[in-house]
Amino acid sequence: MNICCLQHVPFEGPGQIGAWAARRGHDLRIVRLDLGENLPDARDLDLLVVMGGPMSVHDEDAYPWLVSEKKLIARCLASGKFTLGVCLGSQLLAQVLGARVYRNRLKEIGWFPVEQCAPEDPPHLFRALPHQFTPFHWHGETYDLPAGTVHLAKSEGCLVQAFEHAHGLGLQFHLEVTAEGVADLVRECSGDIGSGPYEQTAAQIEAGVDRCGEGALLVRVLLAIEERIE
């Protein structure tokens, strides 16, 4: 399977997604948009993965590559090429699908539980996951549920934590993160941390890195995706 991972900053890479691709023998190409690397042709892809980043989907003037990135996401969805969006990636996916993306009333930074909210029938991509789990968060923006999608998960601090489209999956949280990835985010973005009810200190975040093992959940999600597109 040909997978393209769009990366926006050096400290938010594919993490567990890369490990999964290697185990399955898939070809994973990372495109660094922040370095001006060229986007692929949607026709050459089986799976598009869109990672996170500190910028907003609205920052096209500062990051003009956002325009072409959104066009690629739209082409992938239109042609049935599955798109997985993580954090900023999920916000881009939601906007391309016509949803409003805006600043959430609260930031979520750290390890906080989410719970499933999709009906059991028909089957959905979260069907193999626990009803509640505790992933890593680092986001201040959110979005309305895109029309025609299934609302998969929510949390106390953010209503739409995950959604499923016929050809896409949006995750506000970071199941893919590794202990190294957590350390990178704390090092690069600790200035984001305030005193809100869902903002942990750097020490609290680093103390929770044992939860990175729950990244295996993302592997299970991706296996379900793989079953749909192969």
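Each reported figure results from applying straightforward, stated rules to the coordinates on display, with no laboratory input. Everything numeric in this text was worked out from a predicted model, so none of it was measured. All Cβ positions, glycine included, derive from the backbone under ideal geometry; neighbour counts span all protein chains shown.
Per-residue HN-Hα couplings for the stretch 118-131, Karplus 6.51 cos²θ - 1.76 cosθ + 1.60 at θ = phi - 60°, whole Hz, x for Gly and Pro?
For the stretch 118-131, the Karplus-derived couplings read 7, x, 5, 10, x, x, 9, 5, 8, 4, 8, 8, x, 4 Hz, x marking Gly and Pro.
Quick one: Cα centre-to-centre distance for the stretch 157-219 and the stretch 23-98, in angstrom?
So the two Cα centres are separated by 19 Å.
Tell me, in nm to one decimal, what length is gained between Ser195 and Arg32 on full extension, where the rule is 0.36 nm per residue of separation less the Cα-Cα distance?
Between Ser195 and Arg32, full extension yields 55.4 nm more.
Using the Cα atoms as the points, what is the convex hull volume per residue of the stretch 52-127 in Å³?
Numbers: hull volume 10.1 nm³, N = 76.
Enclosed volume per residue, from the Cα hull, is 132 Å³.
Whose amide H sits under 5 Å from the amide H of Glu141, counting only residues 5 or more places off or on another chain, with H placed in the peptide plane?
It is Asn104, by chain and number.
Helix-only estimate, please: 222 nm mean residue ellipticity of the chain, summing -39500 (n - 2.57) across DSSP H runs of length 4 or more and dividing by its residues, to the nearest 500. Numbers along the way, then the final one.
Numbers: 6 runs with 63 residues, N = 230.
It comes out at -8000 deg cm²/dmol, rounded to the nearest 500.
Counting other Cβ atoms within 10 Å, keep those with at most 11, restrict to DSSP loop, and tell me which chymotrypsin sites (Phe, Trp or Tyr not before Pro) in the stretch 105-209 are left.
Qualifying residues, ordered by number: none.
What aspartates and glutamates does Lys107 reach when the alpha-carbon gap must be under 15 Å and sequence neighbours fewer than 8 apart in one chain are set aside?
Answer for Lys107, where 15 Å is the Cα cut-off: Glu141, Glu156, Asp192, Glu199, listed by chain and number.
What value in Å³ per residue do you get for the convex hull of the alpha-carbon atoms in the chain?
That works out to 114 Å³ per residue.
Could you pull out every one of the lysines with an alpha carbon less than 25 Å from that of Lys81, ignoring same-chain neighbours closer than 8 positions?
Straight-distance partners of Lys81: Lys70, Lys71.
I want the antiparallel fraction of DSSP beta bridges within the chain, as a percent rounded to 5. Provide the component values of the computation, followed by the final result.
On the way: 19 of 38 bridges.
Percent antiparallel among DSSP bridges in the chain is about 50.
Give the residue list of GluC sites (Glu not before Pro) in the stretch 76-158 that are DSSP loop and have at most 10 other beta-carbon atoms within 10 angstrom. Don't skip to the end; give the middle numbers.
Details: sites: Glu108, Glu115, Glu120, Glu141, Glu156; in loops: Glu120, Glu156.
Counting only loop positions with at most 10 other Cβ atoms within 10 Å, the GluC sites (Glu not before Pro) in the stretch 76-158 are Glu120.
Any chance you could run the full-extension gain for Arg100 through Glu206? It's 0.36 nm times the residue separation minus the Cα-Cα distance, nm to one decimal.
34.9 nm
To make sure I understand, if each residue's beta carbon is the centre and we count other beta carbons within 10 Å, what order do Glu214, Glu199 fall in, fewest to most?
Glu214, Glu199
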